[in-house]
């Protein structure tokens, strides 16, 4: 790879993620290692208005992007193209292909740049045509975050799909230096996207019927709590709602829990999962999507979809066994340190940059 070349990143800061969470951490690690080799183009924080919006709409009129692609996406692509021409960049990395790829895919044949991207959403959502697979043909490389997505994307990009796992900030997300003692066992759940809320509500109801002393911490923003499944469990004193947390508060919720309880409909990677593992939590979830890539039997119980009784038994077993919780927690932490730390993920990403740029 030309050591003088500049890699352009298309990035986005999500308001619901803290400074230690999210896929963008890979950029922060790479930029620390070689600051002059990278430049960032961010998606606008506010929607475009007036002349800027009309101008961008002109370029976007023929783009058939994904459901989450907008004129803001076109704006950042135009910005990235200008940056690429100005800095003579040969590589553009679109960090969220579902939200950001359109114009660069269509114009790639007109300009001399390499184009790669990372796919975050499961193949099922692509099959539902929420995202446009035709745009992927322009890519020189596509990073996928779980092995179960490889076969689907290989049909669009034979030989150009690469599995690189999502990472986690293991320096920040880590077990408490001293044991946190709670009067009653606590279990944590987080998020709403692709979560199986029907199963969650049934699991909580059934668990509390058998052991009313168990507590559940649900990390769900206030504006996401309108689902009827949440109404079913809102009356329980043992259900505690968490939202608007600082990074430190979020970490403390993980640290005081016995395990992460995460019923899922589908997934690739999952920030709540990774952060819990790094904090040394056993995992109770489903054998679905990317879960096998991010867990091991030594610290996780992966159940068939909608297995309410399986979740309940796993919760009660951990609630009653401090020894099992400690042993599994230690295995989880070791796995995070050796397999999921961002430094290792950044190194794999950089090696792919070199491969694509030759």
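Values quoted throughout were computed directly from the atomic coordinates according to the rules given, and no laboratory measurement underlies them. In this text, all values refer to a predicted model and were calculated from it rather than measured experimentally. Don't worry about glycine lacking a Cβ; one is built from the backbone with ideal geometry, like all the others, and counts go over all protein chains shown.
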- Span from the segment 270-343 Cα centroid across to the segment 72-130 one, whole angstrom: 34
- Mind pulling the angle between the C-alpha long axis of helix 322-335 and the longest principal axis of the chain? Nearest 10 degrees, somewhere in 0 to 90. 10
- Evaluate the distance, in nm, between pseudo-label points positioned 7 Å from the Cα of residue 151 and of residue 112 along their respective Cα→Cβ axes. 4.1
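Restricting to DSSP H runs of at least four residues, report the calculated mean residue ellipticity at 222 nm for the chain, -39500 (n - 2.57) per run over all residues, nearest 500 deg cm²/dmol.
-11000 deg cm²/dmol
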- Residues residue 130 and residue 317, FRET efficiency given R0 of 35 Å [Cβ-Cβ distance, rounded to 0.05]: 0.40
- Thinking of segment 186-339 as a set of Cα atoms, what percent of all their pairs are more than 22 Å apart? 34
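Please report the orientation-averaged projected area of segment 141-245, defined via the convex hull of its C-alpha atoms, in nm².
Orientation-averaged projected area of the Cα hull: 10.1 nm².
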- Message: What is the angle, in °, between the Cα long axis of helix 71-86 and the longest principal axis of the Cα atoms in the chain? Nearest 10 is fine, range 0 to 90.
- Response: 50
- Query: Once both axes come from the Cα atoms, what is the angle between helix 197-210 and the longest principal axis of the chain, in degrees from 0 to 90, rounded to 10?
  - Reply: 20
- Query: In Å, what is the Rg of the alpha-carbon atoms in segment 114-166, and how long is Dmax?
  - Reply: 10.0, 28
- Message: Here are labelled values, (i) 65, 39, 36; (ii) 156, 51, 33; (iii) 64, 60, 31, and one is the computed Cα extents along the principal axes in Å for what I pasted. Which one?
- Response: (i)
